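*Asks:* Handing you a structure now.
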Amino acid sequence: MKVIIQRVKEAKCIVDNNITGEISSGLMLLVSFCIKDEFISYDILYKMAKKISNMRIFSDDEGKMNKSIKDINGSILSISQFTLYANPYEGNRPSFVDALKGDIAKPLYLKFNEILRNEFKIKVEEGIFGADMKLDIICDGPVTIEVEY
C-alpha cells in the first residue's frame, strides 16, 4: 500500500463535470495498492490511517510543522490512484502489472477511508474509484510525502 500525501489549501475532484469531493484546508491523498496487498490486513490499513492522521505537517504559531490534520480540524480528499505502482523502466509505455486489480483494490480503498472517518474522526471526501477524475488542487507549501507499508 502506497499513499502520496499532499498538504492543500483546497482540493476538489471532478468526474463528468460533477464535483464528487471537495475540501478546504487539509490533505489530498493518492492511494494505491499493489499485488502484494491482495490479502492486506485491517491492521495495515489502520496503521496507515493512524500514521496519516497523526503526521505533524501543518504549521504551528511559530511556523514549524507541529500540527496534525486533527489538530487543525482539517479534511481529506482521498483519490484512488493505481498508477502509483507503474513500472516505467522497460520501454516507453509504463507497465501496471504490479497494481492490484480494481475489484480487489476498491474494497480496500473504501475500508481505508472508512477507518479514517470512523476511527480517527476525520472528514473524508472521495473521488470515484476507477473513474477518469480531474483534480483541482492548491498545494500548500508544497508539502508532499510518500508513505508505503
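Bear in mind these aren't lab numbers, they're just calculated from the coordinates by the rules spelled out. Computed from a predicted structure; not experimentally measured. Here the Cβ positions follow ideal geometry from the backbone for every residue, glycine too, while neighbour counts run over all protein chains shown.
*Asks:* Which entries in K2/K134; K50/K123; K70/K134; K47/K121; K70/K123 show an alpha-carbon gap greater than 18 Å?
*Replies:* K2/K134; K70/K134
*Asks:* So how tilted is helix 42-54 from the main axis of the chain? Cα-based, degrees 0 to 90, rounded to 10.
*Replies:* 40 degrees
*Asks:* Report, ordered by chain and residue number, the lysines lying within cross-link reach of K64, taken as a straight Cα distance under 20 Å and ignoring same-chain residues fewer than 8 apart.
*Replies:* K9, K51
*Asks:* Can you give the FRET efficiency for E114 and E90, using 1/(1 + (r/R0)^6), R0 = 35 Å, r = Cβ-Cβ distance, to the nearest 0.05?
*Replies:* 0.45
*Asks:* Restricting to bridges with both residues inside the chain, how much of the DSSP beta-bridge set is antiparallel, in percent to the nearest 5?
*Replies:* Restricted to the chain, the bridges split so that about 75 percent are antiparallel.
*Asks:* So which chymotrypsin sites (Phe, Trp or Tyr not before Pro) in region 4-93 end up in coil per DSSP with only 13 or fewer other C-beta atoms within 10 Å?
*Replies:* Counting only loop positions with at most 13 other Cβ atoms within 10 Å, the chymotrypsin sites (Phe, Trp or Tyr not before Pro) in region 4-93 are F39, Y89.
*Asks:* Scanning the chain for trypsin sites (Lys or Arg not before Pro) in DSSP loops with at most 12 other Cβ atoms within 10 Å, what's the longest stretch left with none? Don't skip to the end; give the middle numbers.
*Replies:* Working: sites that count: K64, K101, K121.
That gives 1-63 as the longest site-free run.
*Asks:* To continue, here is another question. I want to make sure I understand the PRE zone here: with the label point 7 angstrom from the Cα of K121 toward its beta carbon, which residues in region 60-78 have backbone N atoms less than 20 Å away?
*Replies:* Of the residues in region 60-78, 67-77 have backbone N under 20 Å from the label point off K121.
*Asks:* Next up: Show that you can apply the helix-only estimate: for the chain, add -39,500 (n - 2.57) for every DSSP H stretch of four or more residues, divide by all residues, and state [θ] at 222 nm to the nearest 500.
*Replies:* -6500 deg cm²/dmol
*Asks:* So if a site counts as exposed when it's one of the GluC sites (Glu not before Pro), its DSSP state isn't H, G, I, E or B, and it has at most 14 other Cβ atoms within 10 Å, what's the longest stretch of the chain without one?
*Replies:* Counting only loop sites that pass the neighbour cut-off, the longest clear stretch is 1-37.
*Asks:* Let me ask something additional. Cross-link candidates for K111: which aspartates and glutamates have Cα within less than 15 Å, leaving aside residues fewer than 8 places away along the same chain?
*Replies:* D37, E38, D43, D103, E119, E125, E126
*Asks:* Right, here's the next one. Quote the relative contact order of the chain in percent (integer), defining contacts as alpha-carbon pairs under 8 Å separated by 6+ residues. Intermediate results must be reported in sequence, preceding the final value.
*Replies:* Details: 308 pairs, mean separation 58.1, N = 149.
The value is 39 percent.
*Asks:* Once you treat every alpha carbon in region 1-43 as an equal point and sum by Debye, what is log10 I(q)/I(0) at q = 0.23 Å⁻¹?
*Replies:* Each listed q corresponds, in turn, to -0.83.
*Asks:* Roughly how tilted is helix 102-118, in degrees to the nearest 10 and between 0 and 90, from the longest Cα axis of the chain?
*Replies:* Helix 102-118 and the main axis of the chain meet at about 10 degrees.
*Asks:* Over region 71-145, what relative contact order in percent results from Cα pairs under 8 Å that are six or more residues apart?
*Replies:* Over region 71-145, the number comes to 39 percent.
*Asks:* If a/c stays under 1.5 just call it rounded; otherwise compare a/b with b/c (prolate if a/b is bigger, oblate if not). Do that for region 20-61, with a ≥ b ≥ c from the square roots of the Cα gyration tensor eigenvalues.
*Replies:* Numbers: a/c = 3.15, a/b = 1.69, b/c = 1.87.
Note, shape of region 20-61 comes out oblate.
*Asks:* Next question. Around V147, under 9 Å between beta carbons, what's the net of Lys plus Arg minus Asp minus Glu among the other residues? Mind showing how you got there, number by number?
*Replies:* Numbers: positive: K2, K51; negative: E146, E148.
Net local charge, V147 excluded: 0.
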